[in-house]
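S.K.: Provided herewith is a single structure, encoded as structure tokens, for subsequent inquiry.
The values are calculated or read from the model by the stated rules, or taken from the named source; none is laboratory data. These numbers come from a predicted model, not from an experiment. Reconstructed Cβ throughout: ideal geometry from the backbone, glycine too, with neighbour counts over all protein chains shown.
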Amino acid sequence: MLEKKILEELKNYIERHQYIDDLVVYKSAEEINYSLSESIQSIELEDFINHHRKPTLKHVLFQFIDEKGAKDSDIYKKAGVDRKHFSKIRSNTDYRPGKNTIIALALALELDKDETDELLGSAGFSLSDSDTTDLVIQFCLERKIYNIHDVNQALDYFSLKPLTNF
């Protein structure tokens, strides 16, 4: 159970870090030409992608699990992820679970902010300073609050959806 002092600090943290940006749309979708120009050869594009591709979520996740010396079952149980879902992550390289599932796994692994960013980034996600849920997660990571129940309580404090239905 989170103490009232921690919840107040969380509220102040959100107020200090939340940034609301005005969205400006420069072109409509109809005005953008999505075809490859002649100056970009498909071979060059493939080479670029192959050269810049980062490790997959599956690779990064299981590397962290190995580094922590943890058992898969301990991690998915602690994260509130069921065995079938975790098995899908393990067996299907192209499968990308939702952002909340990845955050729950990061908390179960007790990853720091940079490691969590790496794990999220491997699935195409990130933590934003303009999203209250993401700010709550960042606060918990900074404070080393890894217990999923405590994190869900902090989210509930702001009437936000829990990470898992744990």
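S.K.: I need the full set of residues from the range 61-120 which are in contact with a His (Cβ under 8 Å, 6 or more places away or on another chain) and closer than 21 Å to D150 by Cβ, in order please.
M.R.: Narrowing the range 61-120 to residues in contact with a His (Cβ under 8 Å, 6 or more places away or on another chain): 76, 97, 101.
Across the range 61-120, the qualifying residues are Y76, T101.
S.K.: Now a separate question. I'm checking my understanding of the structure. Among residues of the range 45-74 that are within 19 Å of D114 (Cα to Cα) and of a type in the set (V, I, T), which one is modelled with the lowest pLDDT?
M.R.: Top of the filtered list is T56.
S.K.: Still on this model: Restricting to the range 97-112, name every residue that is surrounded by fewer than 22 Cβ atoms within 10 Å (Cβ to Cβ) and in contact (Cβ under 8 Å) with a residue 60 or more places away in the chain.
M.R.: The answer is N100, T101.
S.K.: I'd like the residue in the range 113-156 that is buried (at least 17 other Cβ atoms within 10 Å of the Cβ) and of a type in the set (S, T, Y) and, out of all such residues, is farthest from L10 (Cα to Cα).
M.R.: Here the residue is S122.
S.K.: Now for a separate question. Name the residues in the range 103-121 that are of a type in the set (G, A, S) and either at pLDDT below 95 or under 13 Å from V60 (Cα atoms) (or both), would you? Before the answer, list the steps.
M.R.: The first filter runs over the range 103-121 and keeps only residues of a type in the set (G, A, S), leaving 104, 106, 108, 121.
The answer is A106, G121.
S.K.: Could you list all residues from the range 66-96 that are in contact (Cβ under 8 Å) with a residue 40 or more places away in the chain and either surrounded by 18 or more Cβ atoms within 10 Å (Cβ to Cβ) or of a type in the set (G, A, S) (or both)?
M.R.: First, the residues of the range 66-96 that are in contact (Cβ under 8 Å) with a residue 40 or more places away in the chain: 68, 78-81.
K78, A79, G80, V81, listed by residue number.
S.K.: Can you give me the ranges of the helices (runs of 4 or more DSSP H) entirely in the range 45-148 with at least 1 residues that are within 20 Å of H17 (Cβ to Cβ) and of a type outside the set (D, E, K, R)?
M.R.: Numbers: elements: 57-68, 72-79, 83-91, 99-108, 113-121, 132-142.
The helices (runs of 4 or more DSSP H) meeting that bar are 99-108, 113-121, 132-142.
S.K.: Output the residue which, of all residues in the range 91-102 that are touching a helix residue (DSSP H, G or I) at 6+ places or on another chain (Cβ under 7 Å) and more than 18 Å from S128 (Cα to Cα), is modelled with the highest pLDDT.
M.R.: Once the filter is applied, the top-ranked residue is P97.
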